[in-house]
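To keep things clear, I will list the structure first and then write my remarks on it.
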Amino acid sequence: GVTSIGEWAFGGCISITSITIPDSVTNIGSGAFNICRSLTSITIPDGVTSIGDSMFNGCSSLISISMPDTVTFIGEFAFGGCDSLTSVTISENITNIGEKAFYQCVDLSSITIPESVTYLGFGAFSFCDGLAVIAYGGTIKEWASINSRAWVTSADGRVTVRCSDGEIKCDLYY
């Protein structure tokens, strides 16, 4: 069966509304679904380990995404411009969320980031104007160590980060 979807394989296919990727696929190339503007849903199979750079960038009709626990990496601009995205389920094994990974996901109001994340890229949630709550599995100190260029802590910040040992207020870096 098919084990790989190449880079930019469906990029610009603006009429695709739904994709079911076979369970045999373990590798999906960067930009594979870039600017698939009509795509509303996709199922990522177990075995895929990476959501590559710009994989869903510009998929402005994508409403929700759920990643299997095999995914450990989210690339730069992976979901950039997915302005209808309201629900994201991030793998419990994610270690890296790339720069501007969720750039301009304006309808995203909350997200859970697991303690396993060790890198949160610059502007990972820039222009996510609806984002109000982040549930983070680690401590406040751990949050500070992963977010050096993604957030600025501010007493009157508009985003509440709920950590395992309390909560803090932050603002986004753009």
Check: Can you spot a residue in region 72-81 that is out of contact with any strand residue (DSSP E or B) (no Cβ under 9 Å at 6 or more places or on another chain), open to solvent by 60 Å² or more (accessible area, probe 1.4 Å) and of a type in the set (A, V, I, L, M, F, W, C)?
Finding: yes
Note to self: Can you tell me which condition residue 65 does not meet? The list is (1) in contact with a strand residue (DSSP E or B) (Cβ under 7 Å, 6 or more places away or on another chain); (2) within 15 Å of residue 5 (Cβ to Cβ); (3) surrounded by 17 or more Cβ atoms within 10 Å (Cβ to Cβ), and all the others hold.
What the structure shows: (2)
Notebook entry, point to check: Given the structure, is residue 38 assigned to a loop (DSSP other than H, G, I, E, B), surrounded by 16 or more Cβ atoms within 10 Å (Cβ to Cβ) and at pLDDT 95 or above?
Noted result: no
Checklist line | Subset of region 73-125 [aromatic (Phe, Trp, Tyr) and part of a loop (DSSP other than H, G, I, E, B)] | finding: 77, 79, 102, 103, 122, 125
Next item on the list: Could you please let me know if residue 30 is polar (S, T, N, Q), modelled with pLDDT under 95, surrounded by 19 or more Cβ atoms within 10 Å (Cβ to Cβ) and in a loop (DSSP other than H, G, I, E, B)?
Entry: no
Check: Taking into account only those residues within region 149-168 that are assigned to a loop (DSSP other than H, G, I, E, B) and open to solvent by less than 20 Å² (accessible area, probe 1.4 Å), which is modelled with the lowest pLDDT?
Finding: 150
Check: Given the conditions (1) open to solvent by less than 10 Å² (accessible area, probe 1.4 Å); (2) modelled with pLDDT of 95 or more; (3) among the small types (Gly, Ala, Ser), which single one is not true for residue 58?
Finding: (1)
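The values are calculated or read from the model by the stated rules, or taken from the named source; none is laboratory data. Predicted, not measured: the structure shown is a model, and the values here were computed from it. Here Cβ is always computed from backbone atoms with ideal geometry, including for glycine, and neighbour counts include all displayed protein chains. Accessible surface areas use protein heavy atoms only, side chains included; no ligands, DNA or RNA. Shrake-Rupley method; radii C 1.70, N 1.55, O 1.52, S 1.80 Å.
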